[in-house]
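Here is the structure we will look at, set down as structure tokens.
What follows draws every value from the coordinates through simple rules; no lab data is involved. Computed from a predicted structure; not experimentally measured. For neighbour counting, all protein chains shown are included, and Cβ atoms are generated from backbone atoms with ideal geometry for every residue, glycine included.
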Amino acid sequence: MESIEIELQPQAIRLLYTAVCDAIQHWPGSPARPAQEQIDLHAMKSVLFAMMLELQFEEQ
């Protein structure tokens, strides 16, 4: 699997986290969307949450 590195401002990370949480909450389920999508959304949510925690740690 390839990876891409990007730089994000703190507010962009928070916005993405909110968007992913919203996507999880309103996920229509399978078969309307692939089941893997829900797994990927939860993984992305975890990564973004970790990034927000890191930001909080760095702000202190």
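Assorted remarks:
- Looking at the stretch 5-60, the GluC sites (Glu not before Pro) that sit in a DSSP loop and have at most 12 other Cβ atoms within 10 Å of their own Cβ are 5, 7.
- Between helix 10-25 and the chain: long-axis angle, C-alpha atoms, 0 to 90°, nearest 10: 20
- Exposure proxy ranking for 6, 13, 24, based on other Cβ atoms within 10 angstrom of each Cβ and starting from the fewest, stands as 6, 24, 13.
- Rounded tilt (10° steps) of 35-59 against the dominant C-alpha axis of the chain: 10
- Taking Lys and Arg as +1 and Asp and Glu as -1, the other residues whose beta-carbon sits under 11 Å from that of residue 23 total -1.
- Summed over qualifying helices (DSSP H, 4 residues or more, each -39500 (n - 2.57)) and divided by its residue number, the chain shows a 222 nm mean residue ellipticity of -23500 deg cm²/dmol.
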